[in-house]
Amino acid sequence: MPSRDDDAFRLAVLLGEALIRGGASSAATTTCLQRALRSAGVDDATVGVTMGQIILSRPGRGTSAAITHVSEAPPGSLDLELRRRITAMLDDLAQGRRTVRECLAELESREADGPGGAQHAGARHAIPAAGLSLLGVGFCLLMGGTAATTLCAGVLSVAAYAAFAAMQHLRSPGIFSLAAAGLTAVLGATAATAVIDDAQTALCIVAALAAWLAGITAYGAAQDMITGWYLSAAGHVMDIASRTAGLVAGVALGIHLMAPFVGESVAYIEALRPDGVSWATAITGAVLVSGGYGLASSGRGIRLVALAALGGLVQVLVLIAQAVGLSSFVAILAAAVVVGAICVRAAPSLGLPSNASMMIALLPLFPGSYIYQGMLGTIFGVDGSGDQLIAGAVTALCLSMGGLLGQFLASRSLTAARALGLDDHPDDDPHDDPAGARPEARQLPADTLQHVRL
């Protein structure tokens, strides 16, 4: 295989592994790798990404045999800083500001350093723990938690994260790490209930586990299903079942362990509904949920502020829609359309793929608590558990359909505006860059939704 193709395939593999470990979807990873290969001049390569497996292939050329390369990368949690750097690298490569070898050298250097580099383990966990604590506090506010419950949720979120991280450090399978987090949340909430009279045990547990609820995975499954990635959607569904089963197993174990001491005096399971929450409290909670998760996902500076503000905007839009008489599902759909369009327009300024920023912005509406309550209620025979699961599925579909529609409309309007010369971006034009004459610079088609950085 020619040296150029060697470098291009190696670059695509490293990019794919970095994106998957950084929380990118199969669709986003596939699009990014196609873009990278075309920018490197390998126009006849095909890319397949499914459930953490990367398949690159190229047909034979003359006397050269066909090439197929298979690589596996375990999926990880969202890493905004990594996604930002990959996005910038792809832009530079497409516009000819960097060569394939320069990008390859940077990725190989990062791979050699490992995740987190030389950063101390304690410092590496401190910021995510703080972010998840804010997320737990925000979730409590959204659900109308008391001050005592909110404080307990913030503390227990850190404790649950510590248990999860400890199990991960021991290389335990993910389901056992989640079970450890669930058990820790129940034990801590029970202790809080014994000390504090008005602590809401069920809400405290769910808020402490908010970061691991299957809402993001359900959103990804619905999005993959809508866009035709059925195998990836099936993988997400299995992930939903596995993640929720781990949490529920830990919570159920904790409930059974505590039963001899507290009997039925503690309500571990109850429907959580944000009824009677003031607008100010709900909006503050949404800002903390999006901002906390953004902080835990390596969001910093103006990007973190923007993501938190988008989370608050989502809640404002939902509250307004409900105030004018729309149902909750229609309100969620409408808010997702607006935020999807905003994230596309803001992607160049934030330096983030629109799908990553949209996912964090919509996080306050994600249906993870429905799925958790439905499965836990099913185990303990609670009435209405099936309704919770259905509500979670419908919410995930509304979020995905609305977000994708907003992205589609915004991307089409951008394409139309540029065709009419109404929206010119010098940075997007390789002729404005001294490196524009490099052979790697290729004008890529701009008529697809993926071009707007899913």
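The values are calculated or read from the model by the stated rules, or taken from the named source; none is laboratory data. Since we're looking at a predicted model, the values are computed, not measured. Glycine also receives a Cβ, built like all others from the backbone with ideal geometry; neighbour counts cover every protein chain displayed. Ligands, DNA and RNA are excluded from the accessible area calculation, which covers all protein heavy atoms including side chains. Shrake-Rupley method; radii C 1.70, N 1.55, O 1.52, S 1.80 Å.
Looking at (1) at pLDDT 80 or above; (2) farther than 16 Å from Leu90 by Cβ; (3) β-branched (Val, Ile, Thr); (4) within 21 Å of the chain's Cα centre (by Cα), can you tell me which one Thr50 breaks?
(1)
Just the residues that are over 24 Å from Ala189 (Cβ atoms), open to solvent by 30 Å² or more (accessible area, probe 1.4 Å) and in contact with a helix residue (DSSP H, G or I) (Cβ under 9 Å, 6 or more places away or on another chain), please, taken from region 269-301.
If the condition is that a residue be over 24 Å from Ala189 (Cβ atoms), open to solvent by 30 Å² or more (accessible area, probe 1.4 Å) and in contact with a helix residue (DSSP H, G or I) (Cβ under 9 Å, 6 or more places away or on another chain), then Trp279, Ile283, Val287, Ser298, Arg300 are the ones that fit.
Is it fair to say Gly235 is touching a Ser or Thr at 6+ places or on another chain (Cβ under 7 Å) and modelled with pLDDT under 85? Spell out the reasoning first.
Numbers: touching a Ser or Thr at 6+ places or on another chain (Cβ under 7 Å): no; modelled with pLDDT under 85: yes.
Against the criterion (touching a Ser or Thr at 6+ places or on another chain (Cβ under 7 Å) and modelled with pLDDT under 85), Gly235 does not qualify.
Can you pull out the residues in region 222-244 that are assigned to a helix (DSSP H, G or I), of a type outside the set (Val, Ile, Thr) and open to solvent by 40 Å² or more (accessible area, probe 1.4 Å)?
Here is the first cut: in region 222-244, the residues assigned to a helix (DSSP H, G or I) are 222-226, 230-244.
Then keep just the ones that are of a type outside the set (Val, Ile, Thr); that gives 222-225, 230-236, 238-239, 241-243.
Passing the criteria: Met225, Tyr230, Leu231, Ala234, His236, Met238, Asp239, Ala241, Ser242, Arg243.
Kindly indicate whether Ala112 is assigned to a helix (DSSP H, G or I) and at pLDDT 80 or above.
On the way: assigned to a helix (DSSP H, G or I): yes; at pLDDT 80 or above: no.
Against the criterion (assigned to a helix (DSSP H, G or I) and at pLDDT 80 or above), Ala112 does not qualify.
Name the residue, out of Leu14, Leu56, that is of a type in the set (A, V, I, L, M), crowded, with 19+ Cβ neighbours inside 10 Å, part of a strand (DSSP E or B) and touching a residue at least 12 places away in the same chain (Cβ under 8 Å). Lay out the reasoning, then the answer.
Values: Leu14 fails: part of a strand (DSSP E or B).
Only one candidate qualifies: Leu56.
Restrict the check to region 279-294 and report whether at least one residue is without any contact (Cβ under 8 Å) to a residue 12 or more places away in the chain and hydrophobic (A, V, I, L, M, F, W, C). Walk me through it before giving the result.
Narrowing region 279-294 to residues without any contact (Cβ under 8 Å) to a residue 12 or more places away in the chain: 280.
Retained after the next criterion (residues that are hydrophobic (A, V, I, L, M, F, W, C)): 280.
Yes, there is a match, as at least one residue in region 279-294 is without any contact (Cβ under 8 Å) to a residue 12 or more places away in the chain and hydrophobic (A, V, I, L, M, F, W, C).
Would you mention how many residues in region 159-201 are in a helix (DSSP H, G or I) and of a type outside the set (A, V, I, L, M, F, W, C)? If you could, list the steps in order and put the result at the bottom.
Quick first cut of region 159-201, residues in a helix (DSSP H, G or I) only: 159-169, 174-195, 201.
Keeping just the survivors that are of a type outside the set (A, V, I, L, M, F, W, C) gives 161, 168-169, 174, 177, 182, 184, 188, 190, 193, 201.
So the count comes out to 11.
Which of the residues that make up region 202-221 are open to solvent by less than 10 Å² (accessible area, probe 1.4 Å), at pLDDT 85 or above and assigned to a helix (DSSP H, G or I)?
Ala202, Leu203, Cys204, Ile205, Val206, Ala207, Ala208, listed by residue number.
Name the one entry in Leu313, Leu304 that is more than 19 Å from Val277 (Cα to Cα), at pLDDT 90 or above and open to solvent by 10 Å² or more (accessible area, probe 1.4 Å). Break it down into steps so the answer makes sense when it comes.
Values: Leu313 fails: more than 19 Å from Val277 (Cα to Cα).
When all the criteria are applied, what remains is Leu304.
Checking the condition open to solvent by 30 Å² or more (accessible area, probe 1.4 Å), of a type in the set (Ser, Thr, Tyr) and within 26 Å of Ala347 (Cβ to Cβ), which residue from Thr50, Thr46 passes?
Working: Thr46 fails: within 26 Å of Ala347 (Cβ to Cβ).
Step by step, each of Thr50, Thr46 is checked, and only Thr50 is open to solvent by 30 Å² or more (accessible area, probe 1.4 Å), of a type in the set (Ser, Thr, Tyr) and within 26 Å of Ala347 (Cβ to Cβ).
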